Amino acid sequence: MWYFTSEEKQLQEVCAEFARKEIAPHAEKHDHEETFNLETFKKMGELGVLGITADPEYGGAGMGCLAATIVMEEFGKACPGLTLSYLAHSILAVNNIQSNGSDEQRAKYLPKLVTGEHIGCMGMSEPEYGSDAIGIQTRAKKSGDSYTINGTKMWITNAQYSDIAYVYTRTGEEKKNLSTFILEKEKGHFQVGKPIHKMGMRGSPTGELIFENANVSKDHLVGSEGESVYHMMKNLDIERLTISGISLGIAQACVDQCLKYANERKQFGKNIGEFQLIQKMIAEMAAETEMMRHFLYNLCYQYDQGNKGPVTAAMAKLQIPKMATKIALDAIQLHGGYGYSREFPVERLMRDNKLNEIGAGTNEVMIMIIAKNLLKQAAK
Ligand SMILES: Cc1cc2nc3c(=O)[nH]c(=O)nc-3n(C[C@H](O)[C@H](O)[C@H](O)COP(=O)(O)OP(=O)(O)OC[C@H]3O[C@@H](n4cnc5c(N)ncnc54)[C@H](O)[C@@H]3O)c2cc1C
C-alpha cells in the first residue's frame, strides 16, 4: 500500500465513491453501445477533478501528477473508457493549456473546461504520422495576423464532443518547425470526421479532426511559432504516468474480481480459490499490482518534486500497461468460460487495457526511449 497524505487519501475516497455510484453502474452499457457517458463526465466538473492540475484562480484544484494519477486509478477501476476521455480532457487539453498557454489563454479557456461546460481534446496524431509525431503534416500558413490551417488529425479522443482542441501543426519546412494552436469548434476552426469503432475503450469517443482552410487569428497560437516540440516534450511524462494510472486501476479491478469469483465459484465440491493453481494466479496478479502501485506513485511523487525524467516515465508506461494486460488475461482465465463472456467485466478490462500499450506512445517507442537514453549515459 502506497502512503498518501491526508489530502490525497481524501481525494482517493471521494473519487472511489464517485466511481462506485456514478461510473461503474453505466460502464457495461456504454461499452456495449459504444456511447459516451456525458452526464457523468459533466458531474466530474462538480466533483472538482476536471481541472485537477489547473490553477485555483481558474477554478482548478491546483494539484499535481500524483493527485491526477489517484483519480485515474479510481475511475479506471470502474470504467477505463470514460477515464481515457477524462485523461484527454484534464491532462491532454487542460494541463497543456495550463502549462503552455498565456495568461490570457488560460483565463479564456480554463474556467469553462474546469467546470465541464466545455470539453477538450488534444490533436497530435495523423493518419500517416503516429509514433513519428515530429513528422506531422497538418499545416498552419501565416498570412498577416492570421493562419490558415489544413490537414487531418486521427484517433482523437473526445473529438465528437470537444469545444476546444489543443492542436499541433507544421509552420515550416524544417523538421522541428511545429506550432501549437488552441482551436474552437464554435468559430468553425475544425470539423469532426467519422467516429472510429474500436476493440476497447468503447465508452470513449474517438474521431478525426478535419481542418479545411480554417482561418485562425494569431491569438490562438500557443507561445511562439516553432515551440511545439518543446511543448510536447514538457508534458509527455505526466501523460505517460497518468495513463499508467488507468492500467493500475484496471489491474486492481481484475484482482478484486478474481478474489470474489474464487471465493464463490465451486468445482469438484470446493471453491476454486482452494486450488493451488488458482492461488498462484491470484498471488502473482496481486503482487504485480502492488509493485506497479509503488513504482508509479513513487514516480508521480518525484515528478511533483521536480524530479522529472523521460526514462522513468517511459519505464512505467512500458511495464504497467503490459503487466495489466497479462493480469487481465489471467483474470479471464480464472473466470473460465464466464470470463470470456460479457457477463463479467474482466473481458472489457482486458480490451480496454490493450489501448494503453499503444496510446501516448507505443511499447516499442517506450523501449526506444529507455534504451537510447541508457546507452547514451553509459557511453559518457
Ligand atoms: C483509442 C485511441 C485514442 C487515441 N487518442 C489520441 C488523442 O487523443 N490524441 C492523439 O494525438 N493521438 C491519439 N491516439 C493516437 C496514438 O497516440 C497513436 O495510435 C500511437 O502514437 C501510435 O501511432 P500509430 O497508431 O500511427 O502507429 P504507428 O506509429 O504506425 O506504429 C505501428 C507499429 O510500428 C511500431 N513502430 C513505429 N515506429 C517504430 C520504431 N522507430 N521502432 C520500432 N517500432 C516502431 C509501433 O510501435 C507499432 O507497433 C489514440 C489512439 C487510439 C487507438
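Here are MET122, MET154: which of them is of a type outside the set (D, E, K, R), within 28 Å of GLY51 (Cβ to Cβ), within 21 Å of the chain's Cα centre (by Cα) and surrounded by fewer than 22 Cβ atoms within 10 Å (Cβ to Cβ)? Spell out how you get there, then give the answer.
Working: MET122 fails: surrounded by fewer than 22 Cβ atoms within 10 Å (Cβ to Cβ).
Among MET122, MET154, only MET154 is of a type outside the set (D, E, K, R), within 28 Å of GLY51 (Cβ to Cβ), within 21 Å of the chain's Cα centre (by Cα) and surrounded by fewer than 22 Cβ atoms within 10 Å (Cβ to Cβ).
Those residues that are without any contact (Cβ under 8 Å) to a residue 60 or more places away in the chain and either away from the ligand (no atom under 12 Å from the Cβ) or part of a loop (DSSP other than H, G, I, E, B) (or both), I need them from the stretch 195-219; list them, please.
Those that are without any contact (Cβ under 8 Å) to a residue 60 or more places away in the chain and either away from the ligand (no atom under 12 Å from the Cβ) or part of a loop (DSSP other than H, G, I, E, B) (or both): ILE196, ILE210.
Pick from ALA262, ALA253: which is surrounded by 21 or more Cβ atoms within 10 Å (Cβ to Cβ), away from the ligand (no atom under 15 Å from the Cβ), touching a residue at least 40 places away in the same chain (Cβ under 8 Å) and assigned by TED's automatic domain parsing to the domain that holds THR312?
On inspection, the qualifying residue turns out to be ALA253.
Among (1) surrounded by fewer than 20 Cβ atoms within 10 Å (Cβ to Cβ); (2) under 23 Å from THR5 (Cβ atoms); (3) in contact (Cβ under 8 Å) with a residue 60 or more places away in the chain; (4) not acidic (Asp, Glu), where does GLY48 come up short?
Every condition holds for GLY48 apart from (3).
Look through the stretch 213-250, keep the residues that are within 26 Å of GLU74 (Cβ to Cβ) and among the polar types (S, T, N, Q), and return whichever of them is surrounded by the fewest Cβ atoms within 10 Å (Cβ to Cβ). Write out each step before concluding.
So the first thing to find is which residues in the stretch 213-250 are within 26 Å of GLU74 (Cβ to Cβ), and the list is 235-250.
Now drop any that are not among the polar types (S, T, N, Q), which leaves 235, 242, 244, 247.
Values: ASN235: 17, THR242: 32, SER244: 30, SER247: 33.
Filtering first and then ranking leaves ASN235.
Could you name every one of the helices (runs of 4 or more DSSP H) located completely within the stretch 16-105 that has at least 1 residues being under 19 Å from MET122 (Cα atoms)? Can you show your working first?
Numbers: elements: 24-33, 38-47, 65-78, 80-87, 96-100.
Per the criteria, 38-47, 65-78, 80-87, 96-100.
Pull up the stretch 75-109, narrow it to residues that are within 9 Å of the chain's Cα centre (by Cα) and either over 23 Å from THR35 (Cβ atoms) or of a type in the set (Val, Ile, Thr) (or both), then point me to the one that is nearest to the ligand (Cβ to nearest atom).
Filtering the stretch 75-109 for residues that are within 9 Å of the chain's Cα centre (by Cα) and either over 23 Å from THR35 (Cβ atoms) or of a type in the set (Val, Ile, Thr) (or both), the one nearest to the ligand (Cβ to nearest atom) comes out as ILE91.
Quick grid of which residues meet (1) among the hydroxyl-bearing types (Ser, Thr, Tyr); (2) closer than 30 Å to ALA24 by Cβ; (3) in the same structural domain as ILE246 (by TED's automatic domain parsing); (4) free of Cβ contacts under 8 Å to residues at least 60 places away in the same chain:
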position: VAL311; (1), (2), (3), (4): no, no, yes, no
position: ILE320; (1), (2), (3), (4): no, yes, yes, no
position: HIS335; (1), (2), (3), (4): no, yes, yes, no
position: GLY339; (1), (2), (3), (4): no, yes, yes, yes
position: MET350; (1), (2), (3), (4): no, yes, yes, no
position: ASN356; (1), (2), (3), (4): no, yes, yes, no
position: MET368; (1), (2), (3), (4): no, no, yes, yes
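Against the definition (of a type outside the set (A, V, I, L, M, F, W, C), within 25 Å of LYS42 (Cα to Cα), over 20 Å from the mean Cα position of the chain (by Cα) and not in a loop (DSSP other than H, G, I, E, B)), how does LYS187 come out, yes or no?
Details: of a type outside the set (A, V, I, L, M, F, W, C): yes; within 25 Å of LYS42 (Cα to Cα): yes; over 20 Å from the mean Cα position of the chain (by Cα): yes; not in a loop (DSSP other than H, G, I, E, B): no.
The answer is no for LYS187.
Among the residues of the stretch 200-227, which ones are more than 30 Å from ASP352 (Cβ to Cβ) and small (Gly, Ala, Ser)?
Answer for the stretch 200-227, where residues must be more than 30 Å from ASP352 (Cβ to Cβ) and small (Gly, Ala, Ser): ALA214, SER217, GLY223, SER224, GLY226.
For the stretch 182-194, enumerate the residues that are more than 14 Å from the ligand (Cβ to nearest atom) and surrounded by 22 or more Cβ atoms within 10 Å (Cβ to Cβ). Step through it out loud before you land on a result.
Of all residues in the stretch 182-194, those more than 14 Å from the ligand (Cβ to nearest atom) come to 182, 184-189, 191, 194.
If the condition is that a residue be more than 14 Å from the ligand (Cβ to nearest atom) and surrounded by 22 or more Cβ atoms within 10 Å (Cβ to Cβ), then ILE182 is the only one that fits.
The values are calculated or read from the model by the stated rules, or taken from the named source; none is laboratory data. Keep in mind that this is a model prediction, so the values were computed, not measured. FYI the Cβ positions are ideal-geometry reconstructions off the backbone, even for glycines, and counts take in every protein chain you see.
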